[in-house]
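Could you have a look at this structure, given as structure tokens, before my questions?
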Amino acid sequence: MATATAHHGAHPTGISRWLFTTNHKDIGTLYLWLALILFFVGGAMALVIRAELFEPGMQIVDPHFFNQMTTMHALIMVFGVVMPAFVGFANWQIPMMIGAPDMALPRMNNWSFWILPFAFVLLSSTLFMQDQGGAPSAGWTLYPPLTIQGGIGTDFAILSIHMLGISSVLGAINVIATILNMRAPGMTLMKMPLFVWTWLITAFLLLAVMPVFAGAVTMLLTDRHFGTSFFDAAGGGDPLLFQHIFWFFGHPEVYILILPAFGIVSQIIPTFARKPLFGYNSMVYATASIAFLSFVVWAHHMFTVGLPLAGELFFMYATMLIAVPTGVKVFNWITTMWRGSMTFETPMLFAVAFVFLFTIGGLSGLMLAIVPADFQYHDTYFVVAHFHYVLVSGAIFAILGGAYYWLPKWTGHMYNETLGKWHFWLTVIGFNIAFFPQHFLGLAGMPRRIPDYALQFTEFNQWSTVGAFLLGFAQLLFLYLVVQTIRSGKKASTQVWDGAKGLEWTLPSPPPYHTFATAPKVK
Amino acid sequence: MGITRIKHVTGAITRLFLGISLWSVSGLALAAYELNFQKPVTPIAEEILDLHNLIIIIVLIIFVIVFSFMFYSIVVHRKSRGYKPAKFHDNNTLEIVWTIIPFLILVGMAIPSTATLIKMEDTSESELTVKITGYQWKWRYDYPDHDVSFFSTLSTPRDQIENKTAKGENYLLEVDNPVVLPVGKKVRFLITANDVIHAWWVPQFGVKKDAIPGFINEMWTRIDEPGTYRGQCAELCGKDHGYMPIVVEAVSQQEFDKWVSLQRNKAVAAQASAAQKWSKAKLMARGKQVYGQCAACHGANGEGVGPFPKLTGGKITTGPVADHLKIVIQGKPGTAMQAFGPQLSDVDIAAVVTYERNALGNNTGDVVQPSQVKALR
Ligand code: HEM
Ligand SMILES: [Cu+2]
Ligand SMILES: [Cu+2]
């Protein structure tokens, strides 16, 4: 770093630009590409699962490898796709939305990204250790004692979870520091775009629960290798202790996976309805109360473990209560659309599909909260259907919608709208064919995480597999479209969308490398 | 009376809604698809089904109302129709209304749920106790009041799983020794596990509970109709989690008593035969059957699977007999090789060890007698 001008004028190019970058836009791009690559890796694993389940009997893989696929698919999608994609959005958008020149802690920002590729190389390398037991295979929930039996892949997974945790915590600290310290003059908290709000709350959730998860897997590690018996009843421990700790992390985690999605959708809908977001204040309060409640509902994942009656009742009521703020959000989105002047470009299509399909997942969540009924639903395909409605048509649809929404800003080019619409419709149709029938499979009694099934489940499984392949291959179209938009395409205007409001739309498309070096004034 | 009517109506509406949504997805004949729970055969399962139907109706009604607003808006409030955007962005009354109404609906759902849950958790005054123990990958049933105990394993032939022969009607839902229970009696289950967590689930009973090593869970059922009921392990328990079904035969009290005495006679006969000296041929034939349990990990021909060692030419299977017996009886802690001592009889262990040493490509010539097993226990 010779002089300040050299630092600001010339940037490294080629590989060192990306390795050493401290620029929020570059780092955002890195996060988003990592997420997209892992989306295809995790997706390929899902297709292995669905291919095996096309028919009863074992056709393609053996049961042990099947379990590796379900475990790795979940770990990669949760920690490698949805979370990094949201951090990518945060990096690009938060500084531009609050009028800051960059993230508050740019060097740490670089580090929190670059931990990730190594973590995922470690995790994926276990697939090549089949002779030592292969990849972790006890499910993404890592329940002991089964996890204790796992091979060396389990230790690799634990190490990589530690790395992911460090990355997330650093990222969360950065988001909080940026939002609390670097807002432009006049950008009061209650003027912040909702995306910024949801990320602020998400960051606090991350800070609170990632260390808990790290603690849980560390206890697994010491149980495996250092003679402790936290989770081993024979040594005075308790296998259920792990489940309590895991879900104390796990339930807030599912909100970490959805709150930023709420934020993205709350940006998109007002733009295309050409009408301000309805109930901004109540959206903020609803998000905060969802986050708060998420700490007191964890045992709804454990209704069948033999909780005392009072415990079951408490967790049933608390879980049902979450439906209230969730409902408020849905009502607010619909009322934002109400009497707007709507157009349906691809981002809006994804946002509308989000509201509709996420609500199906929310309502099945409400059903799962009813303890007596959950005794039937638990650990069946009904649960699998539930969490794919909230995670795929929830988190992933919001991510895709957000990508279409901001891609013109980021790249300076309009994407191809016709292709975008094709991508949307193939995705929605494929998704519903893949996952709607799984509700019925669960009700009829098909357990989850099985490689082979009784004959009465055949037809719906075939539908599901066909839908999954459609859904999977439709994403190649998205990859093509992104590359095409980066390379060519109509020049995007500063405003991009005529209904868009907010500081990012005052910047040229693409924005210069450094933006808001002098803070804008917000009225 | 009013209640049952409501149940009928809600049931009918559910089927209608489910039917329509299915038709729109598939357009295929309805008959081939199961859309809802399996037919309940206990009072609790019946109640759960009613509760489920009630909740699904409420949820569907809410869904239809809320989204009819959205779709109306999507059709009408379009720029392409020249619709001008309104300016409103707040309404406290509305916010309060749509916070309070859902809350009240939830209270309405919580009341019947709580009532059913309290009944489900009441295991008092049972007339029969059965202890269930989950193993990788089979179930053990003990009837402490009757001195009966046995293992229950999948009986679907491997050839069906590997698509070499046609699959039977109860593919993956059939076992060698079903649990037998009397109808009309309150049966209490004590459930635990030997190795990892499993879950015992029979959908038609509305009973699902985790089997956790070191802990004993309780639950109960009362079966109304005689019949055969099938279920599966519901908690991921390793490689063969998909292959540990549950089959319950519900029979009259007389038949149950007959079954109990039959089981006792079998146990006595087994003890007598363990005292005898067995021929190699008989041991090999029996060993081949028992080996089915070992094949899950060590391979049908002793070739090993992934991390599980092969037995063909193995250090233990061709080494000293005592070491071989020891690992089968005591297992290898920290691995999936469990202690088979408590699970298998002296005869079975003698037979399977003899088999492993003289088949699977091994040929040590050793013949192991049940008495040798007994001595090592
Ligand atoms: C109204 C809101 C929701 C309610 C009441 C709810 C309720 C539940 C319940 C009770 C379960 C446990 C089911 C069982 O295992 O028997 C569950 C599972 C799950 N939920 Fe939700 N949920 C809601 C929203 C969400 C959201 C927003 C997400 C994520 C974006 C989510 C992700 C999941 C996941 C991943 C699981 C399964 C975890 C596993 O066992 O692997 N849920 N939900
Ligand atoms: Cu949860
Ligand atoms: Cu299992």
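I'd like the residues of the range B:48-74 whose 1.4 Å-probe accessible area shrinks by no less than 30 Å² going from the isolated chain to the full set of protein chains.
Output list: B:I48, B:H52, B:I55, B:V59, B:F63, B:V66, B:F67, B:F69, B:M70, B:S73, B:I74.
Considering only protein heavy atoms and a probe of 1.4 Å, how much of the accessible area of the range A:78-213 is carbon and sulfur, as a whole percent?
That fraction is 75 percent.
Here's something else I'd like to know. Placing +1 at every Lys and Arg Cβ and -1 at every Asp and Glu Cβ, with all other atoms neutral, what dipole size does the protein assembly as shown have around its Cα centre, in debye to the nearest 20?
Value, rounded to 20: 2300 debye.
A follow-up question, please. Using a 1.4 angstrom probe, figure out how much accessible area the range B:155-285 has per residue, in square angstrom, rounded to the nearest whole.
41
Then there's this: Could you report the accessible area of A:E417 in Å², rounded to 10, computed with a 1.4 Å probe on the protein chains as they sit in the structure?
50
Let me check I've understood the local charge: for B:G184, count other residues with C-beta under 12 angstrom from its C-beta, Lys and Arg +1, Asp and Glu -1. What total comes out?
Local charge sum for B:G184: 0.
While we're here: Return the loop-located chymotrypsin sites (Phe, Trp or Tyr not before Pro) in the range A:451-517 (DSSP other than H, G, I, E, B) with at most 12 other Cβ atoms within 10 Å of their own Cβ; answer none if there are none.
Here the chymotrypsin sites (Phe, Trp or Tyr not before Pro) that fit, given the DSSP loop and packing criteria, are A:Y513.
Do any residues of the range B:223-264 lose at least 20 Å² of accessible area when the full set of protein chains is present rather than just their chain alone, and if so which, with a 1.4 Å probe?
Buried by the other chains: B:Q232, B:A234, B:E235, B:L236, B:G238, B:K239, B:H241, B:G242, B:Y243.
Given the whole protein assembly as supplied and a 1.4 Å probe, what does the accessible area of A:I148 come to in Å², nearest 10?
My reading of the accessible area for A:I148 is about 50 Å².
Of B:Y355, B:F308, B:Q343, which is farthest along the charge dipole of the range B:277-376 in the positive direction, counting Lys and Arg as +1 and Asp and Glu as -1 at C-beta?
B:Y355
Further question: Quick one: accessible area per residue over the range A:2-506, 1.4 Å probe, rounded to a whole number of Å²?
Per residue, the range A:2-506 has an accessible area of 30 Å².
Convert each backbone phi in the range A:318-326 into a coupling constant with the Karplus relation 6.51 cos²θ - 1.76 cosθ + 1.60 (shift: θ = phi - 60°), then list the ³J(HN,Hα) values in order as whole Hz, x for Gly and Pro.
Result, ordered by residue: 4, 5, 4, 4, 4, 5, 5, x, 5 Hz.
Quick one: order A:W422, B:W201 from most to least accessible surface, probe 1.4 Å.
If we order A:W422, B:W201 from most to least accessible, we get A:W422, B:W201.
I've got another one for you. What are the ³J(HN,Hα) couplings of the range A:23-28, residue after residue, when phi is run through the Karplus curve with 6.51, -1.76, 1.60 and θ = phi - 60°? Round to Hz, x for glycine and proline.
In residue order, the calculated couplings are 8, 4, 6, 4, 5, x Hz.
How charged is the neighbourhood of A:Q68? Take every other residue with its Cβ under 11 Å from the Cβ of A:Q68, and add Lys/Arg as +1 and Asp/Glu as -1.
That sum, taken over residues with Cβ under 11 Å, equals 0.
Please report the buried accessible area for the interface of A with B, total over both chains, probe 1.4 Å, in Å² to the nearest 100.
Counting protein atoms only, the buried area is about 8400 Å².
Can you list residues whose amide H is under 5 Å from B:A193's amide H, if they're 5+ apart or on another chain and H is modeled 1.01 Å from N?
Long-range HN contacts for B:A193: B:G134, B:I212, B:G214, B:F215.
Moving to a separate point now. Tell me, what ³J(HN,Hα) does each residue in the range B:297-306 have, in order and in whole Hz, if you take phi through Karplus 6.51 cos²θ - 1.76 cosθ + 1.60 with θ = phi - 60° and put x for Gly and Pro?
9, 8, x, 4, 10, x, 7, x, 9, x
Would you mind working out the magnitude of the charge dipole of the range A:2-506 relative to its Cα centre, with +1 at each Lys and Arg C-beta and -1 at each Asp and Glu C-beta, to the nearest 20 Debye?
Dipole of the range A:2-506, to the nearest 20 debye: 1860 debye.
Give me the lysines in straight-line cross-link reach of B:K239: C-alpha distance below 16 Å, same-chain residues under 8 apart excluded.
The qualifying lysines are B:K138.
Compare the Cα positions of A:V428, A:L477, A:T458 along the charge dipole of the range A:425-499 (+1 at Cβ of Lys, Arg; -1 at Cβ of Asp, Glu; about the Cα centre) and return the one farthest towards the positive end.
Of the candidates, A:L477 comes out farthest on the positive side.
I would also like to ask the following. How much solvent-accessible surface does A:H300 expose, in Å² to the nearest 10, with a 1.4 Å probe and all protein chains in place?
Counting only protein heavy atoms, A:H300 exposes about 30 Å² to solvent.
If you don't mind, there's one more thing I want to ask. Kindly flag which residue pairs out of B:K39/B:K164; A:K409/A:K521; B:K209/B:K266; A:K491/A:K523; B:K131/B:K326; A:K191/B:K84 have an alpha-carbon separation exceeding 23 Å in this structure.
Beyond 23 Å: B:K39/B:K164; B:K209/B:K266; A:K491/A:K523; B:K131/B:K326; A:K191/B:K84.
Determine the dipole magnitude for the range B:277-376: charges of +1 sit on the beta-carbon of Lys and Arg, -1 on that of Asp and Glu, nothing else is charged, the reference point is the Cα centre, and the result goes in debye to the nearest 20.
Computed charge dipole of the range B:277-376: roughly 160 debye.
Just the number, please: carbon plus sulfur as a percent of the accessible area of chain B, 1.4 Å probe, no ligands or DNA/RNA counted.
60
Does any residue of the range B:94-111 lose at least 40 Å² of accessible area with all protein chains in place compared with its chain alone, and if so which ones (probe 1.4 Å)?
B:E95, B:W98, B:L106
Sticking with this structure for a sec: Go through B:A270, B:T221, B:Q253 and say which Cα lies farthest out towards the positive end of the charge dipole of the range B:122-277; charges sit on Cβ, +1 for Lys and Arg, -1 for Asp and Glu.
B:A270
Now, a different point. Going by alpha carbons, how many degrees (0 to 90, nearest 10) lie between the helix axis of B:2-26 and the longest principal axis of chain B?
80
Additional query: When the helices in chain B are scored as -39500 (n - 2.57) per DSSP H run of 4 or longer and the sum is shared across all residues, what 222 nm value do you end up with, to the nearest 500 deg cm²/dmol?
Mean residue ellipticity at 222 nm (helix-derived): -15000 deg cm²/dmol.
Considering amide H positions built from the backbone, and no H for Pro or chain starts, which residues 5 or more places from B:V207, or on another chain, come under 5 Å of its amide H?
Sorted by chain and number, the residues that satisfy this are B:V202.
Sticking with this one: Let me have the 222 nm mean residue ellipticity of chain A computed from DSSP H runs of 4+ only, each contributing -39500 (n - 2.57), with the sum over all residues rounded to the nearest 500.
Calculated from helices alone, the mean residue ellipticity at 222 nm is -22500 deg cm²/dmol.
Taking the Cα centroid of the range B:308-377 and of the range B:180-223, what is the distance between the two, rounded to the nearest whole Å?
Here the answer is 32 Å between Cα centres.
Straight-line reach only, C-alpha to C-alpha below 19 angstrom: list the lysines that B:K79 could link to, leaving out same-chain residues fewer than 8 apart.
A:K275, A:K421, A:K501, B:K87
The values are calculated or read from the model by the stated rules, or taken from the named source; none is laboratory data. Given the structure is predicted, the values throughout are model-derived calculations rather than measurements. In this analysis, Cβ positions are derived from the backbone assuming ideal geometry, glycine residues included, and neighbour counts consider all displayed protein chains. Heavy atoms of the whole protein, side chains included, go into the accessibility calculation; ligands, DNA and RNA do not. Shrake-Rupley method; radii C 1.70, N 1.55, O 1.52, S 1.80 Å.
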